[in-house]
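The structure appears below as structure tokens.
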There are 2 protein chains.
Amino acid sequence: MLRLRRVAIDTYRENVAYLHRDCPLYRSEGFQALSKVEVQAPHDDGAAVLAVLNIVDDQAVVATDELGLSEPAFDQLGRSPGEPVRVAHAEPPASLDAVHRKIQGERLELEDFLAIAKDVTAHRYSKMEIAAFLVASAQAGLERDEVLHLTRAMVETGERLDWGESLVVDKHCIGGIPGNRTSMLVVPIVAAHGMLIPKTSSRAITSPAGTADTMEVLARVSLPSEKLREIVHRERGCIAWGGTARLAPVDDIMISVERPLSVDAPGQLVASILSKKLAAGSTHLLIDIPMGPTAKVRRMDDGLQLRKLFEFVGDRLGLHVQVVITDGSQPIGRGIGPVLEARDVMQILRNEPEAPQDLRQKALRLAGRVLEFDPDVRGGLGFDIARDILDSGRALAKMEAIIESQGPNPEPATPARLQQDVKSPASGVVSAIDNLLMARIARLAGAPMDKGSGVDLFKKTGDPVEQGEPLYRVYASFPADFHFACDLVKKKPGYVIEEARK
Amino acid sequence: MLRLRRVAIDTYRENVAYLHRDCPLYRSEGFQALSKVEVQAPHDDGAAVLAVLNIVDDQAVVATDELGLSEPAFDQLGRSPGEPVRVAHAEPPASLDAVHRKIQGERLELEDFLAIAKDVTAHRYSKMEIAAFLVASAQAGLERDEVLHLTRAMVETGERLDWGESLVVDKHCIGGIPGNRTSMLVVPIVAAHGMLIPKTSSRAITSPAGTADTMEVLARVSLPSEKLREIVHRERGCIAWGGTARLAPVDDIMISVERPLSVDAPGQLVASILSKKLAAGSTHLLIDIPMGPTAKVRRMDDGLQLRKLFEFVGDRLGLHVQVVITDGSQPIGRGIGPVLEARDVMQILRNEPEAPQDLRQKALRLAGRVLEFDPDVRGGLGFDIARDILDSGRALAKMEAIIESQGPNPEPATPARLQQDVKSPASGVVSAIDNLLMARIARLAGAPMDKGSGVDLFKKTGDPVEQGEPLYRVYASFPADFHFACDLVKKKPGYVIEEARK
């Protein structure tokens, strides 16, 4: 048997095993083309991981009598360095047969989706295989029963929270609009009203900020589940990172392939969102679908179809879903990137006059709809109640209490040091802002890892501008990032200016 | 800038870049989720490679001021260790847009396939992205015009041989049948007749032997192109490995994803085979489609449809294609694995009485059809001419001349040392042999890397057997391989015995 070694390489959600080319026990070439091996710790509970095999020609990485595992794979196996392991040819995961039937255009059943979800959760799928499942599902499309099965399978292969109350509300945006940090306003408003809103969010994967990234500017977001439970019961809400609990773990793995591939089919989207919310114990959910020429949903038809799919799956899984289709024609708020977005949120909570009105209005609208999940709130009055809570300072007080409970950030980040203003090439009116480009510029500038970096918008659609007047400012901390962002700005500034008639 | 380092890890046709987590220049996390980076050698012709990024926590792999490239990526960049390189966020390859359109169910045009082929050849696609293209093409299916475009694109993105003659013949089997080493018989027969048959073959990827692997038991197969050309003009034929020339390089890359995924759609198959043959300069091609319950093609309908697709694409690209559908119900010949197959071939060429008759008959049939590409051979007479050439010893003489020209193997391998006979569990008649299982057993035993390993079949379908009589023998050189193969044999021996009525 070989000695186990931890190879200090982070292969990002794909297991990799490293075998020396001159290993006397196993002939590496025999394994390589088959692509996957099973690494087993013997005399044991049968702990095993599947991994893609890389062949090593350097004893410094692995010796000939060693078997190396990349960081994620090593952690999964849960054995110590030096322990004996053996290697076997990996059988393809049994559920891959269902993926092949999907490629053939067949309709899959609940048991198929369950088998796929179990194998994916156990890291038995390579990224290629996950890509095959996603593309096959995206192309033929999942029928709505299949979306239901997939959602159920994703919930059942993870943990599930129970808050012990009959009304547990949440809101979720399907994403794609930079800025748009409404959750950090909706949570304090709704919690101040007394409804339970335990908001756990993801960190950004390919966007310039997730709610968890932005909240982290103000407070700790990575909290042990006991602590989180205590905060939620006391404050009626929280804004935390959802990664600590194993809620629908399939989703995290699939997203790691979906995002780089930009495969984002309606069925996957619905299953991804609803499985997370069901696992998080929500009973009532408001979904925000922004629509616009550079949003995820570009036509009303598509928005309506997506709405029906959310409703169908939600109803059958006992989750009351309401869907609103909102304006997704441009970024919401001013800041894009954690620090800048947190500034916007706090300006609104503090009722400061320079607070971005579009973000305020949208948050009130969403909070109002969530408040109407309360049987005691008369239909149509939610918005007014939300505005009262915000204007009276009760939302700010609730936010401060939540921050205090989660643990305030002792050294809040500030906007980054390197800055460049992007100026209007002409006088006229801003006629369009490209969501995708603004997100990409902020991302290149360093968001969300570097909290203070991003983009601050001075002008929005419809605003008049003079030639040479700044449209937005790019913030970055690292010269390489600043360079990447400014390079893109030069090529594609993301704004369309309709020149004034002279 | 970072200093380039060669990381001695063979990542098998996928480029990987290694960056230390604490690299002061680039913040690794910013890149990781985006998944791909572009590594550039500056002040230069703009040499650049795209690579998937792995984050390293060990200075022994890469230091914080270094950028590591895996072996294939390092070789592609073609720079020396220590040279300065810079890293940029990789734009997704432009042709990925066409893949997304394919996922949406659109029909692609020649320019789309050309763009995809160029980007794949330049290693701009990750395996995930190739999987997306393959699955999208497999599921909706490529229309025959699309198969034509894809074939043309695969030819045009590589080199193309020109033999300077108007009749350059070849034969090709779509694969899936163990044993079946007909090319090594067809080439000497056809070359002895005087027709030009410059046969370049692949090595096995997931099968227990390719023609190149088996020929290598007898002679050198990796030959410089000048040498190959000289041999072909003198002997009228060769049996060499095709990997040295850059013929349809897209095909090799796509196959490295197709095989582990077991995605093998008709359109891909036809484009893969015909592009290689066109690039190799063939003018007339005989395709062998074996059909049977464990073959690639299982029903006559599918075989006929595949035949039409070969004919359609071949005709439009100026390659005269003939297709024969043959018996693929069981392995052909006795040996499975390079040494055992080479033994079968030489027994037939030497007209030894114990030579496997099924392989002899099939090779004569195929050689006969190839001979009929000669305008001077009357239709229907090919088989008899082929048999005369074989029986008279002229085929053997030609094979010996080809071996002599390519360079005989000074130490031909022999069957492997570890052996186990697999015995019949009952008396009766062999009613079925599973192609897939026999291939898998031979593969696990070490074929094709370990030349002497594999399986030797003593009984074929229809043969009577006594209980306890050996059905086949497993050969292996390495204890681990022997163990893998014998384990599978115990679970699934691959033979069905119909018990004799008592």
- Message: Suppose we keep only residues that are under 26 Å from B:GLY141 (Cα atoms) and without any contact (Cβ under 8 Å) to a residue 40 or more places away in the chain within segment A:102-114. Which one would you say is farthest from the other protein chains (Cβ to nearest Cβ)?
- Response: A:ASP112
- For segment A:131-162, enumerate the residues that are within 14 Å of chain B (Cβ to nearest Cβ), open to solvent by less than 10 Å² (accessible area, probe 1.4 Å) and under 21 Å from the mean Cα position of the chain (by Cα). A:ALA131, A:PHE133, A:LEU134, A:VAL135, A:SER137
- Query: If we keep just the residues of segment B:242-260 that are open to solvent by 70 Å² or more (accessible area, probe 1.4 Å) and more than 14 Å from every other protein chain (Cβ to nearest Cβ), which is modelled with the highest pLDDT?
  - Reply: B:ARG246
- Item | Qualifying residue in segment A:152-163 (condition: part of a strand (DSSP E or B) and not aliphatic (A, V, I, L, M)) | yes
- Message: Need pairs with beta-carbon distance below 6 Å; first residue in contact (Cβ under 8 Å) with a residue 12 or more places away in the chain and within segment B:170-192, second among the hydroxyl-bearing types (Ser, Thr, Tyr) and crowded, with 24+ Cβ neighbours inside 10 Å; sequence gap 6+ or separate chains.
- Response: B:ASP170/B:SER282; B:ARG181/B:THR214; B:SER183/B:THR211
- Query: Can B:LYS492 be described as under 23 Å from B:GLY292 (Cα atoms) and more than 14 Å from chain A (Cβ to nearest Cβ)?
  - Reply: no
- Of the conditions (1) at pLDDT 90 or above; (2) facing chain B (nearest Cβ under 10 Å); (3) buried (at least 20 other Cβ atoms within 10 Å of the Cβ), the single one that A:SER35 does not satisfy is (1)
- State the number of residues belonging to segment B:248-288 that are among the polar types (S, T, N, Q) and touching a strand residue (DSSP E or B) at 6+ places or on another chain (Cβ under 6 Å). 2
- Message: So in segment B:13-31, with the set limited to residues that are within 8 Å of chain A (Cβ to nearest Cβ), at pLDDT below 85 and surrounded by fewer than 19 Cβ atoms within 10 Å (Cβ to Cβ), which one is farthest from B:GLU66 (Cα to Cα)?
- Response: B:GLU29
- Item | Of residues in segment B:46-67 being open to solvent by 50 Å² or more (accessible area, probe 1.4 Å) and either away from chain A (no Cβ under 13 Å) or among the hydroxyl-bearing types (Ser, Thr, Tyr) (or both), the one nearest to B:MET1 (Cα to Cα) | B:ASP65
- Query: A:ALA432 fails exactly one of the following numbered conditions: (1) touching a helix residue (DSSP H, G or I) at 6+ places or on another chain (Cβ under 9 Å); (2) touching a residue at least 24 places away in the same chain (Cβ under 8 Å); (3) not polar (S, T, N, Q). What is the number of that condition?
  - Reply: (1)
- Message: Considering only segment A:300-315, I want to know if a residue exists there that is within 14 Å of another protein chain (Cβ to nearest Cβ) and open to solvent by 10 Å² or more (accessible area, probe 1.4 Å).
- Response: yes
- How many residues, within segment B:449-471, are touching a residue at least 12 places away in the same chain (Cβ under 8 Å) and within 14 Å of another protein chain (Cβ to nearest Cβ)? 5
- Those residues of segment B:316-343 which are open to solvent by 30 Å² or more (accessible area, probe 1.4 Å) and at positive phi amount to B:GLY318
- Report whether or not A:PHE373 is without any contact (Cβ under 8 Å) to a residue 60 or more places away in the chain, aromatic (Phe, Trp, Tyr), over 18 Å from A:PRO178 (Cα atoms) and not in a strand (DSSP E or B). no
- Give the number of residues within segment A:163-182 that are touching a Lys or Arg at 6+ places or on another chain (Cβ under 9 Å), open to solvent by 10 Å² or more (accessible area, probe 1.4 Å) and not β-branched (Val, Ile, Thr). 5
- Top-ranked residue of segment B:80-97 - restricted to ones that are buried (at least 20 other Cβ atoms within 10 Å of the Cβ) and modelled with pLDDT of 90 or more, ranked as nearest to the other protein chains (Cβ to nearest Cβ): B:LEU96
- Which ones in segment A:164-176 are part of a strand (DSSP E or B) and hydrophobic (A, V, I, L, M, F, W, C)? A:VAL168, A:VAL169, A:CYS173
- Message: Can you find, within segment B:472-486, the residue that is farthest from the other protein chains (Cβ to nearest Cβ) among those that are open to solvent by less than 10 Å² (accessible area, probe 1.4 Å) and over 23 Å from the mean Cα position of the chain (by Cα)?
- Response: B:TYR472
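Quick check on my filter: what residues within segment A:487-502 are assigned to a helix (DSSP H, G or I) and more than 27 Å from the chain's Cα centre (by Cα)? Even if it seems obvious, please write down each step before you answer.
Kept after step one, since they are assigned to a helix (DSSP H, G or I), are these residues of segment A:487-502: A:487-491.
Correct list: A:LYS490, A:LYS491.
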- Being of a type outside the set (Val, Ile, Thr) and within 14 Å of chain B (Cβ to nearest Cβ) is the filter here, so list the residues in segment A:115-130 that pass it. A:ARG124, A:TYR125, A:SER126, A:LYS127, A:MET128, A:GLU129
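The values are calculated or read from the model by the stated rules, or taken from the named source; none is laboratory data. All of these numbers come straight from a predicted model, not from anything done at the bench. Cβ coordinates were reconstructed from backbone atoms using ideal geometry, including for glycine residues, and neighbour counts include every protein chain displayed. Just the protein is used for accessible areas: all its heavy atoms, side chains included, with ligands, DNA and RNA removed. Shrake-Rupley method; radii C 1.70, N 1.55, O 1.52, S 1.80 Å.
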